[in-house]
1. Taking interchain pairs and intrachain pairs at least six residues apart, which have beta carbon atoms under 7 angstrom, with the first residue in the stretch 20-37 and free of Cβ contacts under 8 Å to residues at least 40 places away in the same chain and the second among the aliphatic types (A, V, I, L, M) and open to solvent by less than 60 Å² (accessible area, probe 1.4 Å)?
2. Filter the stretch 151-180 down to the residues that are touching a strand residue (DSSP E or B) at 6+ places or on another chain (Cβ under 6 Å), surrounded by 15 or more Cβ atoms within 10 Å (Cβ to Cβ) and at pLDDT 90 or above, then identify the one that is nearest to residue 77 (Cα to Cα).
3. Scan the stretch 31-48 residue by residue and report those that are part of a loop (DSSP other than H, G, I, E, B) and within 14 Å of the chain's Cα centre (by Cα).
4. I'm checking my understanding of the structure. Among residues of the stretch 49-63 that are modelled with pLDDT of 80 or more and in a loop (DSSP other than H, G, I, E, B), which one is surrounded by the fewest Cβ atoms within 10 Å (Cβ to Cβ)?
5. For the stretch 171-229, enumerate the residues that are among the polar types (S, T, N, Q) and either assigned to a strand (DSSP E or B) or in contact with a Cys (Cβ under 9 Å, 6 or more places away or on another chain) (or both).
6. What residue, of 393, 345, 332, is surrounded by fewer than 22 Cβ atoms within 10 Å (Cβ to Cβ), in a loop (DSSP other than H, G, I, E, B) and modelled with pLDDT under 95?
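The values are calculated or read from the model by the stated rules, or taken from the named source; none is laboratory data. Every value quoted in this text rests on a predicted model; they were computed, and no experiment measured them. Neighbour counts are summed over all protein chains in view; Cβ atoms, including those assigned to glycine, are modelled from backbone coordinates with ideal geometry. When the accessible area is computed, the model is the full protein with side chains, heavy atoms only, and any ligands, DNA or RNA have been set aside. Shrake-Rupley method; radii C 1.70, N 1.55, O 1.52, S 1.80 Å.
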Amino acid sequence: MAGVSGGNDFQWCFSQVKGAIDEDVAEADIISTVEFNYSGELLATGDKGGRVVIFQHEQESKNRPQLRGEYNVYSTFQSHEPEFDYLKSLEIEEKINKIRWLPQQNSAHFLLSTNDKTIKLWKISERDKRAEGYNLKDEEGRLRDPFRISSLRVPVLMPMDLMVEASPRRIFANAHTYHINSISVNSDHETYLSADDLRINLWHLEITDRSFNIVDIKPANMEELTEVITAAECHPHQCNVFVYSSSKGTIRLCDMRAAALCDRHSKFFEEPEDPSSRSFFSEIISSISDVKFSHSGRYMMTRDYLSVKVWDLNMENRPVETYQVHEYLRSKLCSLYENDCIFDKFECCWNGSDSAIMTGSYNNFFRMFDRNTRRDITLEASRESSKPRATLKPRKVSTGGKRKKDEISVDSLDFNKKILHTAWHPKENVIAVAATNNLYIFQDKIN
């Protein structure tokens, strides 16, 4: 994928931006998760206001073939509402933490969405016909007197304007004491796991009133707590295997065939720390914020504060690849600790062929790494380059000394503009990048 480095094959160009331009962004409008479905035809976003917006890929226009299909709003619905836990006197935010699509089995689409406590299974379906000619109702829907009905009619289906309906089919509640940080659909398409700070539960999609606790790292005495679970994911092909990452920078791979309670891991992935680079912030920046299996299932990728690491599942002692995302921030960790940015949770994603990876940074920058050529590129999600088909120019950050013309100084980076959530189309070079309340869609520009 030479497009990572703006090579000969293609370059990235602007396609669309969704969301208001206002300077004052309402907290509820901030995007908190982005996810393509398995075919890439649908793209879902969740926000801090508990809403889910689904975009659908429109077919390319025959009249204007240069305009590739765009993503337009398909359905919008309120997934979660703010709640209050009266037993603990705690407010439960409506913010959508994660969305995960289920593989499509029929004409309807299904997705799981979760806030801190409750997971919901939504069905998104289309209706373009309505039944007319009832026997017991008149045209307005009022009930008719059965004694006045002299003949029977056969109801008929009449065409109507397309309606997209979102309905909650299952609600999985009351299983997590702590905040849910991950949900992951298993490859058997019947079960899924949900993880909070100290426990991982396994659910069946049809059963809402019970789940199996498969990992529990809660110590008997909470004062002895040394680490928390930060992310978890099921293997894409082996339904018995899953991984979870911790705030200590380690990843555990578990096999559900070995035991019902997977407190004892099958594999333990950890990179030995370099004693020379140890500092006060070492423990904080080594905390893993995201873990993702490659589509092939051979590798997994982890994101910590400063880097992305690719691990071979057959090698536990060190990653096979390490990519620095924003190494220039190492000297700024003190101020990033003071403004709490050091605790930001950046996600990462693979492209469809596992040959490239993408993750976010500050100043609305996002990074791409080509695994074959080891080249990387920094791009920016900004309205200034949001003309249709405008090519994205690579950005560079200068770390001191003389600043070149196109470079931006590390001291002038805006840490309030951060790209935490990104998604890559499973089959094409189309990416979705969430920048605060705006969703940017970029695609490859074939030369």
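1. Partner pairs satisfying both residue conditions: none exist.
2. 166
3. 37, 38, 40, 48
4. 58
5. Residues satisfying the conditions are 182, 184, 186, 187, 191, 194, 201, 213.
6. After ruling out the rest, the residue left standing is 393.
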